[in-house]
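Have a look at the structure below before the remarks.
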Amino acid sequence: MKQVFTKLILGISFLASVNLIEAQPNYPAPTGVWCSCPPTTGIGNGSVDPTVASKPYVNGILVRVAWKDIETSDNSYNWALIDNQITLAETYGKKISLAIGGGPNSPGWLYSLGTQSISYTIPFSGTIPIPWDTTFLAKWTEFVTVLGNRYAKNTTIQLVYITNSSGNGFEMQLPFNPTPSYSTIAYTDQKIIDSWKKVIDIFNNSFPNHYLTNDFHPVNSSNIVADSIYAYAKLHIGSRYGANGWWWTQNNTGLYSSQYAILQNSATNNQFTGIQMAYSGTTSGSSFGTGGMPVALKLAISNHICYWEIWNNDITSGTFDTLLSNAVCSPLGAEEITIIESGITITPNPSQDIFTITLKNNSIEEIEVINELGQIIFRKDNIKNNQYPLDFRGGINGIYFLKVTDNKKEISYRKIILKK
């Protein structure tokens, strides 16, 4: 039997069961909709919001915790803040991304050890350890080691943020016009780069079975730091590493063009390169640029950036439920994905019109075809046969991704090429 392609609505996320070649984690790379939820604090506020976690399209929640709230005194730890969020996420069948913030969230006892610091008043008042200070680096790397000892085998945690001393403790940028000044503390780009290399190494060693990421911003008005850190992390962490940008809007891709290029490059190597929306689409839609948050999401998808942190009120309001439920992201290179593909044959490939899909060992239950923008253009279910012909004589051409689900619910992907 034959089926002529027609345009269908967007479908569910394509990466439900995808593993990366040579990836050490024993779970699929984190992709799709994640909540950029409020921080977990020591005063009863948690990141895992039940209203958010109840949404079926939400894959996970970003859990942000301050270093000072965990290591309340030197070598004394309050793990309940993280443990409780893990337990709550598991209750709803969700995963978490973990980010521990230092910078202005560093514990007060750190300074009593002689750690040098800078203070600032824009965009808020704060004090951070100088990132290359040896005492800070010793205590921060010690903390990350202990953190890894506790959570390195926990797979509810699917993504770990590499963080350093920065303006807000989570992102990369440093404070503007601090006291003492950068010239007074003998700032150089290389000192920051060397600090980040030490921090990257300790996160890599402490979480050898997790996917790792970090935000990218200009540092002290320079792109050299971000470029150097990305190159180092990509080289030393490999397939477990993907870049992230916590500034995402369509307007900001011009403002942060160098960091945008980092994300684009990262997305050619993995499916979990990510973004965090810079604003709420519900309350600040105009801040994104033309088209608001939906266009920002579409831009990420068109760049094969497949991990999206969405503000919590954009999830709880229900305004974007349809958009977020139907959002899907296609892999840039299906040849990098491997799941039971040895049992599939597609002939001919490339083709001018008709492909024949044959599954060697099981029967085909469902077929989906996804275009390069992540849109499902064809779906056929209840096939119950080991062979299925696809008819492209409607004039479609280009590169597409074929998703095949068999009768055992196992999923395979293949790239197919149509030539006129």
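Read the figures in this text as sums done on the coordinates, not as results from a lab. From a predicted model like this one, the values you see are computed outputs, not experimental measurements. Neighbour counts run over all protein chains shown; Cβ positions are idealised from the backbone, glycine included.
Okay, here's what the table says:
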{"item": "Relative contact order (percent, whole number), the range 147-263, Cα cutoff 8 Å, 6+ residue spacing", "result": "29 percent"}
{"item": "222 nm mean residue ellipticity, helices alone, for the chain (DSSP H n ≥ 4; -39,500 (n - 2.57); rounded to 500)", "result": "-7500 deg cm²/dmol"}
{"item": "Calculated FRET efficiency for the pair TRP109/SER222, C-beta based, R₀ 25 Å, to 0.05", "result": "0.20"}
{"item": "Cα Rg over Rh - the chain, Kirkwood", "result": "1.01"}
{"item": "Dipole magnitude of the range 83-207, debye to nearest 20 (Cβ charges: Lys/Arg +1, Asp/Glu -1, about Cα centre)", "result": "200 debye"}
{"item": "Computed label-point distance, nm, for sites ILE185 and TYR77 using a 7 Å Cα→Cβ extension", "result": "2.7 nm"}
{"item": "Karplus 3J(HN,Hα) series, Hz, for the range 305-321 with 6.51 cos²θ - 1.76 cosθ + 1.60 (x for Gly, Pro)", "result": "8, 10, 10, 10, 9, 10, 4, 4, 6, 6, 8, 6, 5, x, 4, 10, 4"}
{"item": "Residue-wise HN-Hα coupling along the range 240-256, computed from phi with Karplus coefficients 6.51, -1.76, 1.60 (Hz; x: Gly, Pro)", "result": "7, 10, x, 7, 9, x, 8, 10, 5, 8, 5, 5, 6, 5, x, 5, 10"}
{"item": "FRET efficiency, 1/(1 + (r/R0)^6) with R0 30 Å, evaluated for GLU410 and ASP321 via beta carbons", "result": "0.55"}
{"item": "Spin-label pair LYS198/ASN265, simplified geometry with 7 Å Cα→Cβ offset, distance in nm", "result": "2.5 nm"}
{"item": "Principal-axis tilt of helix 257-267 within the chain, Cα atoms, nearest 10 degrees", "result": "50 degrees"}
{"item": "In degrees, nearest ten, helix 224-237 long axis to first principal axis of the chain (Cα)", "result": "60 degrees"}
{"item": "Relative contact order (%) - criterion: Cα under 8 Å, at least six apart; region: the chain", "result": "18 percent"}
{"item": "Acute angle (nearest 10 degrees) that the helix 292-302 long axis makes with the longest principal axis of the chain, alpha-carbon atoms", "result": "70 degrees"}
{"item": "Residues with amide H under 5 Å from that of ILE61, placed H, sequence gap 5 or more", "result": "CYS35, LYS95, ILE96, SER97"}
{"item": "Extension gain (nm, one decimal) between THR121 and SER363, 0.36 nm per residue minus Cα-Cα", "result": "80.7 nm"}
{"item": "J(HN,Hα) series, the range 45-57, from Karplus relation 6.51 cos²θ - 1.76 cosθ + 1.60, nearest Hz, glycine and proline x", "result": "8, x, 7, 7, 7, x, 5, 5, 5, 7, 6, x, 7"}
